[in-house]
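What follows is a single structure, written as structure tokens, with notes after it.
The values are calculated or read from the model by the stated rules, or taken from the named source; none is laboratory data. In this text the structure is predicted, and so the values were computed from the model without any measurement. Neighbour counts are summed over all protein chains in view; Cβ atoms, including those assigned to glycine, are modelled from backbone coordinates with ideal geometry.
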Amino acid sequence: MAFKDTRKTPEVVTHRIRITLTSHNRKSLEKVWADLSSGAKRKGISKEKRPVWMFTKTLRITQEKLPVAGS
């Protein structure tokens, strides 16, 4: 029984990882991201994306309270 020689390289399995970092100090977040990014580049995993900044300001809507009719 002969085996077929396909001459294909074995497929490499890639894993997607999402890391969520939260802090009020933006400089510390940028430092942590730079450390993670440099570590990934050293190991040859360089397909990281830039951080996405989330909104921190709360939207406030004021409502005028009218007097109750009939009292």
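Annotation note: of Lys65, Lys4, Lys8, Lys27, the sole residue that is of a type outside the set (Phe, Trp, Tyr), at pLDDT 80 or above and more than 23 Å from the chain's Cα centre (by Cα) is Lys65.
In the set (1) over 14 Å from the mean Cα position of the chain (by Cα); (2) among the polar types (S, T, N, Q); (3) in a helix (DSSP H, G or I), Ser37 fails one condition alone, (1).
There is no residue in segment 7-25 that is on the phi < 0 side of the Ramachandran plot, in a helix (DSSP H, G or I) and surrounded by 10 or more Cβ atoms within 10 Å (Cβ to Cβ).
With the requirement that a residue be surrounded by fewer than 11 Cβ atoms within 10 Å (Cβ to Cβ), over 12 Å from the mean Cα position of the chain (by Cα) and closer than 21 Å to Val12 by Cβ, what does segment 40-58 give you? Residues satisfying the conditions are Arg42, Lys43, Gly44, Ser46, Lys47.
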